[in-house]
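Worksheet for the structure shown next.
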């Protein structure tokens, strides 16, 4: 799970409190499971402990206490690193790829560069899986697992290609 | 210094008013496997046809094994293409009236080799690609996969420096396609040839050492995969 990095991404436009972070997340991923409040606050506390976010305002204005968090320089750098690094293509790792692409678009980073890096990372992984199958001297269940992963990586690649087309077209129409 | 197998510099090509290539440059090292990918209509097949000397670009240069195609006479260009470049297309494109052995021997006969020697070399290649038993059949009597194997043999029989393949697995199902690719790769490696492969299939692109992705007639990105 990359909730911590997503929370950093949601703070990229400026300081916000936990409720705004949760609402921002649910707007970025409208068809996914909403982010639980408890998880938002736990994540913000952990990020504060690690020096990636800081409290910029603490007030209650007559109601419940509302703490406003902002990104630190360290947090900004951590976010930029996360957004530029392709995921390690593996079984069950795909959700993070989608999160990164969405966060990349929202934070104004170069989404096409990320998609290209992710594409080559996926192609390399297919090569490795194929080489591993070629080295194996029998048709073991391990090969079935590798085939399963390769076929899913192929599906991811088709999604990446479609995303690249949509983002490129969007850039061209805005030009 | 060894010559590059292929070098394209700022190649442009347009079909009437449709611009297919807008200044594409590409280098292919000897023995290297390069996949040209991209969405339909991005110019990948046009690029392959320009590189193989089938189409003549309107601007830019194409050098095959160090020789600029534009500097050669028609006869020398044809000769260079026939001896240094093999071509495999989606549907094999064998001569329908000739047997497999005659199809594969044809490039050698056109180069003036004697018939017996040409047929011997063709037989060796047909055996190597697994259709030696079908040497006396004509393409219409065989499956798409068998014909495609013969097309690989025909592309490699002259010992070319580079093989151009345009969707070579496009007419085959996925398992047959992968077997075909394994065969094509093993064959180019046997002959030490480079391979430039146009494909829309990511599983096939993953066989390459390098991917060059086109979009709207320009190189969108280029990455090493090996």
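Key figures for this structure:
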item: Residue within the range A:32-42 that is over 17 Å from the mean Cα position of the chain (by Cα), surrounded by fewer than 16 Cβ atoms within 10 Å (Cβ to Cβ) and in a loop (DSSP other than H, G, I, E, B) present; result: yes
item: Residue match in the range A:120-128 (condition: surrounded by 15 or more Cβ atoms within 10 Å (Cβ to Cβ) and not in a helix (DSSP H, G or I)); result: no
item: Pair list, Cβ under 7 Å, 6 or more apart: the range B:3-32 residue without any contact (Cβ under 8 Å) to a residue 24 or more places away in the chain, other residue surrounded by 15 or more Cβ atoms within 10 Å (Cβ to Cβ); result: B:27/B:4; B:27/B:7
item: Residue within the range B:122-140 that is touching a residue at least 40 places away in the same chain (Cβ under 8 Å), more than 14 Å from every other protein chain (Cβ to nearest Cβ), over 29 Å from residue B:3 (Cα atoms) and in a helix (DSSP H, G or I) present; result: yes
item: Condition broken by residue B:96, with the remaining ones in (1) in a helix (DSSP H, G or I); (2) out of contact with any strand residue (DSSP E or B) (no Cβ under 6 Å at 6 or more places or on another chain); (3) at pLDDT below 95 satisfied; result: (1)
item: Criterion violated by residue A:49 - all others in (1) modelled with pLDDT of 90 or more; (2) under 30 Å from residue A:151 (Cβ atoms) satisfied; result: (2)
item: Residue within the range B:163-175 that is without any contact (Cβ under 8 Å) to a residue 12 or more places away in the chain and either farther than 22 Å from residue B:8 by Cα or under 19 Å from the mean Cα position of the chain (by Cα) (or both) present; result: yes
item: Number of positions in the range A:66-80 that are touching a helix residue (DSSP H, G or I) at 6+ places or on another chain (Cβ under 9 Å) and part of a helix (DSSP H, G or I); result: 4
item: Conditions (1) part of a loop (DSSP other than H, G, I, E, B); (2) more than 12 Å from chain B (Cβ to nearest Cβ); (3) on the phi < 0 side of the Ramachandran plot; number of the one not met by residue A:86; result: (2)
item: Residue check for residue A:103: within 30 Å of residue A:149 (Cα to Cα), touching a strand residue (DSSP E or B) at 6+ places or on another chain (Cβ under 6 Å) and in a helix (DSSP H, G or I); result: no
item: Tally, over the range B:27-72, of residues that are part of a strand (DSSP E or B), away from chain A (no Cβ under 14 Å) and crowded, with 20+ Cβ neighbours inside 10 Å; result: 3
item: Residue ID - farthest from residue A:23 (Cα to Cα), chosen from residues in the range A:51-62 that are assigned to a loop (DSSP other than H, G, I, E, B) and out of contact with any helix residue (DSSP H, G or I) (no Cβ under 8 Å at 6 or more places or on another chain); result: A:62
item: Flag for residue B:60 being out of contact with any helix residue (DSSP H, G or I) (no Cβ under 9 Å at 6 or more places or on another chain) and on the phi > 0 side of the Ramachandran plot; result: no
item: Strands (runs of 3 or more DSSP E) (entirely within the range B:152-226) containing at least 3 residues that are within 14 Å of chain A (Cβ to nearest Cβ); result: B:210-215, B:218-224
item: Single residue of A:96, A:109 found to be more than 11 Å from chain B (Cβ to nearest Cβ), out of contact with any helix residue (DSSP H, G or I) (no Cβ under 8 Å at 6 or more places or on another chain), surrounded by 15 or more Cβ atoms within 10 Å (Cβ to Cβ) and modelled with pLDDT under 95; result: A:96
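Residues are listed down the side, and each one gets a yes or a no for (1) within 14 Å of chain B (Cβ to nearest Cβ); (2) assigned to a helix (DSSP H, G or I); (3) at pLDDT 90 or above:
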| position | (1), (2), (3) |
| --- | --- |
| A:139 | yes, no, no |
| A:142 | no, yes, no |
| A:156 | yes, yes, yes |
| A:163 | yes, yes, yes |
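The values are calculated or read from the model by the stated rules, or taken from the named source; none is laboratory data. Note that the structure is predicted; figures quoted are calculated from it, not measured. Every residue, glycine among them, receives a Cβ derived from its backbone with ideal geometry; neighbour counts consider all protein chains shown.
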